[in-house]
Amino acid sequence: MFKATRSGILLFLLPLSSAFGVSSISFFDSGFVLSPGFTYQKEQFVSVDGGFGFLEREFGEMIVIKAGVEKSLESSLKGVKLGFKVINREREFPLKMVIGADIAHYSGYGEKEIRFVPEIGVSWRNSYVTLTYRYGLHISGDKIDNVGNHGVSLGVNIPF
């Protein structure tokens, strides 16, 4: 838990380092990540996230700052999201822990809703495949019944 907290602090300090003229931090490998996926939460959603990911070598965690879109396969319901994901790659066991969170804006059925969506799950195959459980907490707007509180997501991380 302490390692995730330190990585979270580093996640928010990284943009500040470039703003103050620090051009490189030697313990990060970085690059762009595309993450197509599938989510079930009352309705089936297809999602595509894109983001900037980096490997924090001291603690062995991959951190991805991401933005994405979701579209229901069953209706006109759609969403946009902004968030982060931390994948602990330190262990030699094939399954790695994943934690993350999104702020999501859903619209459909003439209604709009903003949710905070924390997620926890596992990653397999060196962080390329993730399976997560998500819980959506209503923040504001109309509560859209077809967006469930509970969700399960399966995604693939494709680095560039």
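Remarks
- Amide N of the stretch 116-160 lying under 19 Å from the label point, which is placed 7 angstrom from the Cα of L34 along Cα→Cβ: 127-130, 154-160
- Between the listed residues G108, P159, L137, the Cα displaced farthest toward the positive end of the dipole of the stretch 105-160, a dipole computed from Cβ unit charges relative to the Cα centre, is found at P159.
- Pairs from K42/K66; K71/K96; K78/K143; K71/K112; K81/K143 whose Cα-Cα separation, in the structure shown, is over 22 Å: K42/K66; K71/K96
- From phi via Karplus (6.51, -1.76, 1.60), per-residue ³J(HN,Hα) for the stretch 74-86 in Hz, x at Gly/Pro: 10, 7, 8, 5, 9, x, 10, 8, 9, x, 8, 9, 10
- Between V48 and F93, the FRET efficiency estimated from the beta carbon spacing at R0 = 30 angstrom works out to 0.55.
Just so you know, all these numbers are worked out from the coordinates, no wet-lab data involved. This structure is a prediction, so every number in the text was calculated from the model and none was measured. We place every Cβ from the backbone using ideal geometry, glycine too, and count neighbours over all the protein chains shown.
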